[in-house]
Amino acid sequence: MADTTGVAVMGVSGRMGRMLTRAVLDDPRTHLAGAVEQSGHDWIGQDLGVAAGGAELGVIVTDDAAEGISAAEAVIDFTAPSATVALARVAAEAGVVHVIGTTGMDDDDIAALDETAGSGVIVRAGNMSLGVNLLVQLTRQVAAALDTSFDIEIVESHHRHKVDAPSGTALMLGDAAADGRGVDLSEVSDRGRDGITGAREEGHIGFAAIRGGDTVGTHDVIFAGEGEQVVLRHVATDRSLFAKGALKAALWGQGRAPGHYDMLDVLGLK
Ligand SMILES: NC(=O)C1=CN([C@@H]2O[C@H](COP(=O)(O)OP(=O)(O)OC[C@H]3O[C@@H](n4cnc5c(N)ncnc54)[C@H](OP(=O)(O)O)[C@@H]3O)[C@@H](O)[C@H]2O)C=CC1
Ligand SMILES: O=C(O)C1=N[C@H](C(=O)O)C[C@H](O)C1
């Protein structure tokens, strides 16, 4: 046990929380060192394995984040923005690597994480998969190569339960496209078109979100020109992909200097 890295899971009953628990248990380099859920959840105080309908795991679910990560070297957190910002401070104080998959964060949330990263190790990405992070780099390259006669549109599809739009991945791709063009996304972003919008403005980057069924996550970056289109696409077919990426980040973060890292750092794609 002592030779493996202790990983705690935040939001342990969630779609990703369950995937993460499985990934930690299945990986010979890690062991499950804590399980956290939000106050009032009926799993609190129960053994995680039993609460999830299986065999005992010897880890009790707690709503006290400091207690839940006290035996861990990393905590993986796919929850909600306010929970993630609060956990960042607790993890930095405890010297625990904080891997963040949570999306839907606003500028204030990111600024709070940047501040915390002065004293703790944070690895954060709106998508933990190798394929999407490669797509980010390809998007930057294509955007730099094509001029603004090619309209950039980002279309994402997710399951019916997703609460934020555009997805974290779509925003990563939008940032990369803007970066490739040497502009700031916030100045060229078109979100939520509805009604008489007027014609599309040259140089803008558009976003569209589809929600339905059990779609894991599909992202298209469309470069639409006159008479031709370039389309870059990533399709996620299994959510365990994100859990494996997060585990890679948790291991990569061990012994790193304090800072706010992303999956491009982890995957060596920068
Ligand atoms: N970066 C990536 O690669 C990926 C990111 N995501 C992102 O991860 C997040 C979670 O997604 P998903 O698992 O589908 O969502 P779920 O709603 O299934 O899970 C979220 C979990 O977090 C719990 N939670 C909420 N607040 C707190 C808190 N204060 N303390 C502890 N636990 C809390 C929820 O509890 P309760 O049920 O009681 O509300 C729930 O169990 C989303 O932001 C999603 O976009 C998802 C997949 C991949
Ligand atoms: O909520 C999800 O499910 C996903 N969220 C992430 C996002 O917002 O991009 C990553 C992935 O697409 C699945």
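The values are calculated or read from the model by the stated rules, or taken from the named source; none is laboratory data. All values reported here derive from a predicted model rather than from experimental measurement. Here Cβ is always computed from backbone atoms with ideal geometry, including for glycine, and neighbour counts include all displayed protein chains. Note: accessible area is taken over every heavy atom of the protein model, side chains too, but ligands, DNA and RNA are not part of it. Shrake-Rupley method; radii C 1.70, N 1.55, O 1.52, S 1.80 Å.
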In this structure, the FRET efficiency calculated for S186 and L25 from their beta-carbon separation, with R0 = 41 Å, to the nearest 0.05, is 0.50
What is the sum of charges, Lys and Arg at +1 and Asp and Glu at -1, for the other residues whose Cβ falls under 13 Å from the Cβ of V50?
-3
Can you pull out the trypsin sites (Lys or Arg not before Pro) in region 110-197 whose DSSP state is coil and whose Cβ has at most 14 other Cβ atoms within 10 Å?
R160, R193
For peptides 249-259, 164-174, sequence by mean Cβ density within 10 Å, most packed first
164-174, 249-259
Taking every DSSP beta bridge that has both residues in region 130-236, what percent is antiparallel when rounded to the nearest 5?
60
Starting from 0 in steps of 10 Å, tell me what percent of the Cα-Cα pairs of the chain lands in each bin.
7, 29, 33, 20, 9, 2, 0
Antiparallel DSSP beta bridges within the chain, as percent of all bridges there, nearest 5:
35
Using a 1.4 angstrom probe with every protein chain in place, what is the largest-first accessible-area order of V155, V136?
V155, V136
Mind running the shape call on region 6-63? Use the C-alpha gyration tensor, a ≥ b ≥ c as the square roots of the eigenvalues: rounded below 1.5 for a/c, prolate if a/b tops b/c, oblate otherwise.
prolate
Computed over the chain, protein heavy atoms only, probe 1.4 angstrom, the accessible area per residue in square angstrom equals 47
Measure off 7 Å from each Cα along the Cα-to-Cβ vector at S70 and L134, then give the distance between these two points in nanometres to one decimal.
4.4
In terms of the Cα gyration tensor, with a ≥ b ≥ c the square roots of its eigenvalues, is region 130-236 rounded because a/c is under 1.5, prolate because a/b exceeds b/c, or oblate?
oblate
Taking Cα atoms, the helix 81-94 axis meets the longest principal axis of the chain at an angle in degrees (rounded to 10) of 50
Whole-number Å³ per residue for the convex hull built on Cα positions in region 44-133:
119
Please give the peptides 199-211, 88-100 ranked by average Cβ packing (other Cβ atoms within 10 Å per residue), highest first, as a rough proxy for protection.
88-100, 199-211
Please give the calculated 222 nm ellipticity per residue for the chain, where each DSSP H segment of at least 4 residues contributes -39500 (n - 2.57) and the sum is spread over every residue; nearest 500 deg cm²/dmol?
-10500 deg cm²/dmol
Length added when fully stretched, I110-Q229, from 0.36 nm per residue minus Cα-Cα:
39.4 nm
Amide H to amide H, which residues 5 or more places from A35 or on other chains are under 5 Å from it, using H placed in the peptide plane?
V9, T62
Considering only protein heavy atoms and a probe of 1.4 Å, how much of the accessible area of region 154-195 is carbon and sulfur, as a whole percent?
42
Using the Cα centre of region 130-236 as origin and beta-carbon charges of +1 (Lys, Arg) and -1 (Asp, Glu), tell me which of L135, A177, V188 is placed farthest towards the positive end of the dipole.
L135
Between 0 and 90°, nearest 10: helix 15-26 axis offset from the chain longest Cα axis:
60
For Y261, enumerate residues with amide H under 5 Å from its amide H, sequence gap 5+ or separate chain, H modeled in the peptide plane.
I122, V123, R124
In whole percent, how big is the carbon plus sulfur part of the accessible area of region 1-103, probe 1.4 Å, protein atoms only?
49
Env charge @ M16, Cβ radius under 11 Å, K,R +1 / D,E -1, value +3
